[in-house]
Amino acid sequence: MAQRVVRPKTNLGPGFWPITVLIVVVSAIMVYFTETSDWPIGLVPAGDPAGSIDALFRFLGSVAACIFNIVVIYTIYFAIVFRRPKNAPPNTIGVQIHDAPVLEFWWTAIPTILVVILSIYSVKIWHDLQNTQGDVLTVEAIGYQFGFQYRYPKLANPVSGDMHLPVNTPTTIHVTSRDVIHGFWLPEFRMKADMVPGLINTYRITPNRVGTYRIICSEFCGIAHSQMRARLIVDSQQDFAKWFAGQGGAQAAGGGGAAGAAVALSSGSASAGQALFGQKCSMCHSVGGFDQKIVGPGLGHIFNDPAHPKLVNNTAPTPQDVAAIIHNGYSGDIGTMPSAQVNGLSNTDIANLVAYLVSLSKK
Ligand code: CUA
């Protein structure tokens, strides 16, 4: 038979208040060091949003330190103070407390308030990251096995290897992949996004320190995943302008728009296009009518569909205009298709695909 050791309910033991003061003091010291250290140690903050993410991280660390102290120190204290008395039988149990509404209210209310504060704080930072309005520069980062390419506005050719960004410039980065899933991790900016073929993930950063930082693939993507690293070089405005001009930025500035018009279509092979369509397009497009959508519309009758006399970008359904959409990609109400560059399509591939689509519309 269990013998009860009955204590008055309000008895918290002889050392409860001194121990509580100890918890407050230890917690205050830990919060002080958490908030004033350069935690997370070893990661230089190279620009926004590193500062706000570090602040959130330190806040989490401070709250966690307080909870740790409360739980661990009180547990040790009560285990010692209310241990089984020496002369009590071995099957003695402690006081069984049921229905303590005041206690239950507070242990529900305090964690709820904490979680709500953390949620609001996190969502606010997330909103700032995603709010790309007013950004000065937009760069596409494209992963492939095993490296990174970058496309800059007004640069005809993609840049491989190192990524350059000008300092103090709010920059939107569109992240995608050409083959398998990679990760685009900028540890010095605390930002990471998956690079997924056919999908564009977006985040924004504002570098505020000139220097060289790391770009790391953070998804296992094949045999050379561990070598899939590059450098992000943050230049002064002048150095960036120099580098940009060196990449052909100046002379390409007037071009752009009608790039698809340069694709020579006459040599396209419908049978080669059919094979390629099966590999590259059929995940998202059927060869049925426009309404037979998978992700994008069906492409079986794009050249002779009375219900859709125009292409999705409102141009006439000519082979050259279709080639332009495949080349440039498309983004609109019905969805987003990455550019030929991202999809890994050469100009010959585009000519073959257009030849195949023309042959479908003739059937
Ligand atoms: Cu790309 Cu790992």
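Each reported figure results from applying straightforward, stated rules to the coordinates on display, with no laboratory input. Treat the numbers as computed from the prediction; the structure is a model and nothing was measured. Every residue, glycine as well, gets a Cβ built from its backbone with ideal geometry; the counts of neighbours run over all protein chains shown.
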Exercise. Gain in length, I334 to K362, computed as 0.36 nm per residue apart minus the alpha-carbon separation, to one decimal in nm?
Worked result: 7.6 nm
For this session: Could you work out how far apart the two model spin labels at Q292 and A100 are, taking each label as a point 7 Å from the Cα in the direction of the beta carbon, and quote it in nm?
Result: 6.8
For this session: Starting from the Cα of W39, step 7 Å along the direction of its Cβ; do the same at A264; then give the gap between the two resulting points in nm.
Result: 6.4
Exercise. What residue among T176, T20, T212 has the largest mean-square fluctuation in a Gaussian network model of the chain, using Cα springs under 10 Å?
Worked result: T20
Exercise. T20 to I93: FRET efficiency via 1/(1 + (r/R0)^6), r the Cβ-Cβ distance, R0 30 Å, to the nearest 0.05?
Worked result: 0.70
Exercise. So which residue, out of Y213, Y203, Y121, gets the largest mean-square fluctuation from a GNM of the chain using Cα contacts under 10 Å as springs?
Worked result: Y121
Exercise. Once the piece of chain linking T348 and S218 is laid out straight, how much longer is it, given 0.36 nm per residue of separation minus the C-alpha distance between them?
Worked result: 43.5 nm
Problem set entry | Pairwise FRET efficiency - L137 versus M283, Cβ, R0 = 30 Å, nearest 0.05 | 0.45
Seminar exercise, completed: The percentage of Cα-Cα pairs in region 26-139 separated by more than 23 Å is 55
Exercise. Residues with amide H under 5 Å of S269's amide H, sequence separation 5 or more or different chain, H placed in the peptide plane at 1.01 Å from N; which?
Worked result: N352
Problem set entry | Chain lengthening between I125 and Q237 when straightened (0.36 nm per residue, less Cα-Cα) | 37.6 nm
Exercise. FRET efficiency for S271 and L118, Cβ-Cβ distance as r, R0 = 41 Å, nearest 0.05?
Worked result: 0.10
Seminar exercise, completed: Per the Cα gyration tensor, region 70-224 corresponds to an equivalent ellipsoid with semi-axes, largest first in Å, of 54, 20, 15
Exercise. Hey, what did the chain get for relative contact order, percent, Cα under 8 Å, at least 6 apart?
Worked result: 14
Exercise. Just how many pairs of Lys in the chain have C-alpha atoms closer than 29 Å, counting pairs that are eight or more places apart or on different chains?
Worked result: 17
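If Rh is defined by the Kirkwood formula over all Cα pairs and Rg also comes from Cα, what ratio Rg/Rh do you get for the chain? Working shown, then result.
On the way: Rg = 30.6 Å, Rh = 25.7 Å.
My calculation of the ratio gives 1.19.
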For this session: Calculate one ³J(HN,Hα) per residue across region 50-61 by plugging θ = phi - 60° into the Karplus curve 6.51 cos²θ - 1.76 cosθ + 1.60, and present them in order as whole Hz with x for glycine and proline.
Result: 4, x, 6, 5, 4, 4, 4, 5, 5, 4, 4, x
Exercise. Mind checking which of G198, G335, G47 has the largest fluctuation in a GNM of the chain, springs on alpha carbons under 10 Å?
Worked result: G335
